[in-house]
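The values are calculated or read from the model by the stated rules, or taken from the named source; none is laboratory data. Just so it is clear, the structure is predicted and the values come from calculations on it, not from any experiment. When we count neighbours, we look across all protein chains shown, and the Cβ atoms used for this are built from the backbone with ideal geometry, even at glycine.
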Amino acid sequence: MGSPYFTRGIPMLPVADVRRAIEFYVDVLGFRLGFNAGTYGGVRRDAIEIHFTRGDAGEPGSAPVERSGCRVEVTDIRRLYSDFRDRGVIAADGDIGPKPWGTTEFTVRDPDGNALTFVEVFGLGS
């Protein structure tokens, strides 16, 4: 019998308002609604799925909202960057550029400050 195989990971980002997060990802970043269960929701785009969990500071049993983030590997990063730049959502510290570890990257921050770093490996469509 072989070892367990990990099929995919789904980042879960803390947000103050799940509905607002879903609307941003759908309306601004081009994701589709996956589900919205009030305090837990998710979006999808191509093979990527991102979940959101509400973290209301001071509410019993809930975690405070903290910044988090995830990295999303993409193709045709310059076209995606241009689209997001035109929408005005590139993070102030997240302009596109090559990295010494062999990628081109840029970052978008959602309304809760979570960082989505879009990554393309050199030689895969750049």
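Okay, here's what the table says:
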{"read-out": "Subset of the range 83-92 (residues that are in contact (Cβ under 8 Å) with a residue 60 or more places away in the chain and exposed (fewer than 13 other Cβ atoms within 10 Å of the Cβ))", "value": "none"}
{"read-out": "Where T75 falls short, out of the listed (1) among the β-branched types (V, I, T); (2) part of a loop (DSSP other than H, G, I, E, B); (3) under 17 Å from P11 (Cβ atoms)", "value": "(3)"}
{"read-out": "Top-ranked residue of the range 13-24 - restricted to ones that are in contact (Cβ under 8 Å) with a residue 24 or more places away in the chain and in a helix (DSSP H, G or I), ranked as surrounded by the fewest Cβ atoms within 10 Å (Cβ to Cβ)", "value": "R20"}
{"read-out": "So V28, is it among the hydrophobic types (A, V, I, L, M, F, W, C), without any contact (Cβ under 8 Å) to a residue 24 or more places away in the chain and closer than 19 Å to L116 by Cβ", "value": "no"}
{"read-out": "Qualifying position, being more than 24 Å from T7 (Cβ to Cβ), loosely packed, with under 12 Cβ neighbours inside 10 Å and at pLDDT 95 or above, among D95, D46, D27", "value": "D27"}
{"read-out": "Conditions (1) in a loop (DSSP other than H, G, I, E, B); (2) of a type in the set (V, I, T); (3) surrounded by 13 or more Cβ atoms within 10 Å (Cβ to Cβ); number of the one not met by I10", "value": "(3)"}
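Quick grid of which residues meet (1) β-branched (V, I, T); (2) over 16 Å from the mean Cα position of the chain (by Cα); (3) modelled with pLDDT of 95 or more; (4) surrounded by fewer than 19 Cβ atoms within 10 Å (Cβ to Cβ):
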residue: S62; (1), (2), (3), (4): no, yes, no, yes
residue: R67; (1), (2), (3), (4): no, no, no, yes
residue: R78; (1), (2), (3), (4): no, yes, yes, yes
residue: Y81; (1), (2), (3), (4): no, no, yes, no
residue: W101; (1), (2), (3), (4): no, yes, no, yes
residue: V108; (1), (2), (3), (4): yes, no, yes, no
residue: D112; (1), (2), (3), (4): no, no, no, no
residue: F122; (1), (2), (3), (4): no, yes, no, yes
